[in-house]
Amino acid sequence: MTETVDVVLIGGGIMSATLGTLLNELQPDWKIVVFERLSDVAQESSNAWNNAGTGHAALCELNYMPAGEDGTVDPAKAIAINEQFQQSRQLWASLVERGVLDAPSTFINATPHMTFVRGEKDVAYLKKRYETLKDQPLFAGIEYSEDSRVINRWTPLLMTKRRAGEPFAATRVPAGTDVDFGALTRQLFAHLQAEGAQVRTNTEVRKLKKQSDGSWLVKYRHMLGRTPGQLKARFVFVGAGGWALKLLQRSGIPEISGYGVFPIGGQFLKTSDPAIVAQHKAKVYSQASVGAPPMSVPHLDTRVVDGEASLLFGPFATFSPKFLKNGSMFDIVSQVRPGNLWPMLKVAIDNPSLITYLVGELLKSHRDKVDSLRVFMPSARDEDWELINAGQRAQVMKKDKDKGGVLQFGTEVVAAADGSIAGLLGASPGASTAASIMLGLLQRCFPEQYPAWEPQLKALIPSYGETLNTDAEGARASMAHTADALQISA
């Protein structure tokens with residue numbers, strides 16, 4: 001007889017870990033099984049070296065607040081993303097206080113978030129952005145300067161050997177963070193296992209089939225020995241990065257029709273030279289190149305992984321037809337269906353600058369990449385930096401009734417009408433906003449249980465159901481509490 005469980009989570013990343021943790025808190029009697037293709041969890045996008053570890057709160061990322069055609073800047077999206085990140089912080093703080101997570105320094109560290117721009121046009125824009133944000137409660141403490149002496153105090157690497165007379169400006173928020181999502185994910189799964197959940201690594205889900213009783217038959221294969229197996233699940237979440245599209249297509253749910261993904265890989269320049277690392281404690285973002293996707297905004301970042309500090313600069317785009325670093329060379333073609341062929345072709349037709357950008361990135365030599373770094377850090381030397389491969393990102397392409405097809409940045413939950421299966425497509429700022437994304441998924445997929453869960457969710461995430469940015473005192477108190485609990489006071 002086929003085993004039946006309550007929840008199957010496909011993919012061992014931060015999304016599955018967050019959803020599993022919430023469900024375990026809400027329904028500790030539910031049986032949860034996690035499937036991961038690789039030998040351990042957190043080996044794809046959640047791995048610390050496959051992302052920049054920025055706790056995305058829109059403190060420094062300009063693409064969340066672009067200038068309009070009339071030059072105005074709208075803070076709505078930046079505020080919304082910050083609100084979502086605060087929910088993640090609150091969840092992590094609650095889990096630290098409950099002993100679910102280890103010492104905060106094992107996965108999160110205070111790291112100021114900065115923006116640095118050059119040229120009169122971008123300086124004027126950054127100043128307008130600062131003026132718009134400085135009175136928003138969630139952006140309290142943001143600083144602005146065009147003074148080289150001030151910016152040099154913030155982070156000397158930006159100013160050393162910089163040419164005189166060049167217009168530049170920077171903003172700084174001391175309360176930013178660096179997050180090791182790999183460590184966070186592993187700790188969450190370790191707790192789930194201690195609570196009775198099964199985490200089955202080296203196991204690949206091959207097929208999902210809806211049953212007459214509303215459950216899902218999950219067919220899988222052990223990667224070692226190729227032995228097959230199956231079980232039934234009342235609810236399935238597909239948090240498998242780029243492979244989520246493939247599995248949702250195999251499930252046959254009509255809601256996935258019209259979706260496709262475009263894989264973009266990344267590389268970073270890295271240095272662990274203590275003399276260089278000591279001069280830069282910040283995550284510094286700038287403007288994206290013309291034609292570059294928002295996920296390719298250049299940034300020079302402090303990273304703390306396994307207690308060791310280093311600096312990363314990038315990302316530099318690469319191309320692979322795989323949807324995951326450990327995916328298949330046939331991924332990009334095997335996704336094609338009658339329902340998504342035209343939307344994907346339309347995206348290609350409408351975004352020639354993206355193709356030009358990718359080709360340009362692929363042609364860059366090591367010296368060319370360090371030249372890009374020298375825009376941030378004029379004193380950079382080629383020999384001090386090594387190139388490392390980051391994760392694969394699968395940018396969402398979807399059907400659009402007006403344009404035929406659009407390239408969508410960010411993340412999107414795709415769920416069956418009955419809520420029995422859901423998956424997550426897309427990339428940044430996903431990991432940082434995992435708590436908010438999973439709250440939305442719970443409400444959508446468990447409408448009957450959700451009202452009874454709300455008191456517990458409120459205990460885990462105190463700002464649940466509220467808007468912090470409309471309450472200056474509440475925002476200040478909330479951020480102070482999580483900063484103390486996570487030991488990240490700037």
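Every number in this text was worked out from the coordinates using simple rules, so none of it is lab data. What you see is a predicted model; the values in this text were computed from it and never measured. In this analysis, Cβ positions are derived from the backbone assuming ideal geometry, glycine residues included, and neighbour counts consider all displayed protein chains.
Numerical summary
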read-out: Karplus 3J(HN,Hα) series, Hz, for region 463-474 with 6.51 cos²θ - 1.76 cosθ + 1.60 (x for Gly, Pro); value: 8, 3, x, 10, 10, 4, 5, 8, 10, 4, 5, x
read-out: Under 5 Å, built H, 5+ apart or other chain: amide partners of Gln395; value: Phe262, Ile264
read-out: Karplus-derived 3J(HN,Hα), 6.51/-1.76/1.60, for each residue of region 354-364, Hz, glycine and proline x; value: 5, 5, 4, 4, 4, 4, x, 5, 5, 8, 6
read-out: Interchain or long-range residues, amide H under 5 Å from Lys207's placed H; value: Lys219
read-out: Percentage relative contact order, the chain, counting C-alpha pairs under 8 Å, at least six apart; value: 23
read-out: Protection-proxy order for peptides 131-144, 231-244, 208-221, each taking the mean of Cβ atoms within 10 Å per residue, highest first; value: 231-244, 131-144, 208-221
read-out: Surrounding net charge for Ala67, when Lys and Arg each add one and Asp and Glu each subtract one, Cβ distance under 15 Å; value: -2
read-out: Helical mean residue ellipticity (222 nm; -39500 (n - 2.57) per DSSP H run of 4+; nearest 500) of the chain; value: -10000 deg cm²/dmol
read-out: C-alpha long axis of helix 434-445 to longest principal axis of the chain, angle in °; value: 30
read-out: 5 angstrom amide H check on Asp40, placed H, neighbours 5+ away; value: Asn202
read-out: Size of electric dipole in region 46-169: Cβ of Lys, Arg +1 and of Asp, Glu -1, about Cα centre, debye, nearest 20; value: 440
read-out: J(HN,Hα) series, region 33-49, from Karplus relation 6.51 cos²θ - 1.76 cosθ + 1.60, nearest Hz, glycine and proline x; value: 10, 10, 10, 9, 5, 8, 7, 8, 7, 6, 9, 9, 4, 7, 4, 4, 8
read-out: Protection proxy ranking, peptides 328-340, 430-442, average beta carbon neighbours within 10 Å, highest first; value: 430-442, 328-340
read-out: Likely footprinting exposure, Cys60, Cys445, fewest C-beta neighbours within 10 Å first; value: Cys445, Cys60
read-out: Span from the region 66-145 Cα centroid across to the region 193-260 one, whole angstrom; value: 36
read-out: Residue order, fewest to most surrounding Cβ atoms within 10 angstrom, among Leu38, Leu126, Leu248; value: Leu38, Leu126, Leu248
read-out: Which label in (i) 22.3, 76; (ii) 27.7, 89; (iii) 21.6, 62 gives the computed Rg and Dmax of the Cα atoms in Å; value: (i)
